[in-house]
1. Here are Val108, Val141: which of them is closer than 20 Å to Leu187 by Cα and either modelled with pLDDT of 95 or more or in a strand (DSSP E or B) (or both)?
2. I want to confirm something. Restricting to region 40-75 and keeping residues that are assigned to a loop (DSSP other than H, G, I, E, B) and in contact (Cβ under 8 Å) with a residue 60 or more places away in the chain, which single residue is surrounded by the most Cβ atoms within 10 Å (Cβ to Cβ)?
3. Looking at region 19-39 only, could you name the residues that are surrounded by fewer than 15 Cβ atoms within 10 Å (Cβ to Cβ) and outside any strand (DSSP E or B)?
4. Output the number of the condition that Val185 fails; it satisfies all remaining conditions of (1) touching a residue at least 24 places away in the same chain (Cβ under 8 Å); (2) more than 20 Å from Thr10 (Cα to Cα); (3) β-branched (Val, Ile, Thr).
5. Examine region 284-302 for a residue that is under 30 Å from Asp227 (Cβ atoms) and of a type in the set (Lys, Arg), and state whether such a residue exists.
6. Hey, can you tell me all the residues within region 31-74 that are among the small types (Gly, Ala, Ser) and either modelled with pLDDT of 90 or more or in the same structural domain as Phe139 (by TED's automatic domain parsing) (or both)?
Amino acid sequence: MFVVGDIGGTNARFAIARTTPDNRIVVSDYEKYSADQVSVFEDGINQFLDKLGYRPPLAIFAVAGPIRNDEVQFTNRAWKIKRQDIIKNCALTDVCLLNDFTAMAHAVPRMTEDSFLPIKPGSPIEGAPILVAGPGTGFGVSLLSQSAGRWHSIATEGGHILYTPRNPIQNEVLRILEKALGCPVSLEHVTGGAFLNVLAQAVSEIHGVAHVDRSPQKIIEDALQGDPLSTDICTIRVEAIMTGLGNLALVGGARGGIVLAGGVGRHLINFLTTPSAIHAFESIWPENNYLRDIPIRLLTNPMAPLIGAAAQYMEEHHD
């Protein structure tokens, strides 16, 4: 029994994970906190543990940022955390820090079919790498493979690959975002929730209308009602996601399939399955069936990163 946490740029999720005799992972005592409510990371952990009423000795945290020397500087949050500080300030015996998308990848083999929605059919090759990627606050990317009966995940920073525009409006979006951001425009800048307002401003400028702040849910609702501005915002994001997945699948050799993860994908499901979205993926290499044969599924189980964090720890500490 141990604490598990999924710590992103928007939310911090905590739970207790237990293993069963048949090696299943059961998650309980789930709590979700807005990252804006927690100025110091350890305060969030202590808030969860105080409510829980006891402190398991081990905590495993999947974090949205590169890990180096047991330290993490979050990509989209002004947090810098250190493993030893967490142990000391939270009265824990041991802490393990994992990349959030390597944890997400380890959840995939443990999910039942009802945890997925199909986006694109295909014929996966057994034993080939699986790409697990998608936008949340940023854009996470991991590769999952199996060797000697065990699953292994590779952490990457693939969400920071450059954005690839593919039509006139997308070229114009790139031009405006480069000016607004003052830096090269990445896949994360176009698809991640942290940058949605900047993208919406760019598309409003292209439409020649004043920008109005709206929630992500409102933009999607307006797009589903046929609003041209909102439709363009959603289409640009979705085609960027699918183009990014295609490029990443080619680099990673992900012929075992693609699992789209992260909160943004769940909200954009109605746009991800359109012919234009599928074309954005398959048309990257039109002369070959490589991409056409790769299936894409959307992971919808909100407990997946917590289960995955526990699963990764167990895989890596099986001895």
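1. Val141
2. Ala64
3. Listed by number, the residues that qualify are Thr20, Pro21, Asp22, Asn23, Arg24, Asp36, Gln37, Ser39.
4. Of the numbered conditions (1) touching a residue at least 24 places away in the same chain (Cβ under 8 Å); (2) more than 20 Å from Thr10 (Cα to Cα); (3) β-branched (Val, Ile, Thr), the odd one out for Val185 is (1).
5. There is at least one residue in region 284-302 that is under 30 Å from Asp227 (Cβ atoms) and of a type in the set (Lys, Arg).
6. Hits for region 31-74 are Gly53, Ala59, Ala62.
This table checks each residue for (1) assigned by TED's automatic domain parsing to the domain that holds Gly140; (2) charged (D, E, K, R); (3) over 18 Å from Thr243 (Cβ atoms); (4) modelled with pLDDT of 95 or more.
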| position | (1), (2), (3), (4) |
| --- | --- |
| Lys179 | yes, yes, yes, yes |
| Pro184 | yes, no, no, yes |
| Ala194 | yes, no, yes, no |
| Val198 | yes, no, yes, yes |
| Ser204 | yes, no, yes, yes |
| His207 | yes, no, yes, yes |
| Ala210 | yes, no, yes, yes |
| Glu221 | yes, yes, yes, yes |
| Pro228 | yes, no, yes, yes |
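The values are calculated or read from the model by the stated rules, or taken from the named source; none is laboratory data. Just so you know, these numbers come straight off a predicted model, no measurement behind them. Note that we place each Cβ from the backbone using ideal geometry, even for glycine, and neighbour counts take in every protein chain shown.
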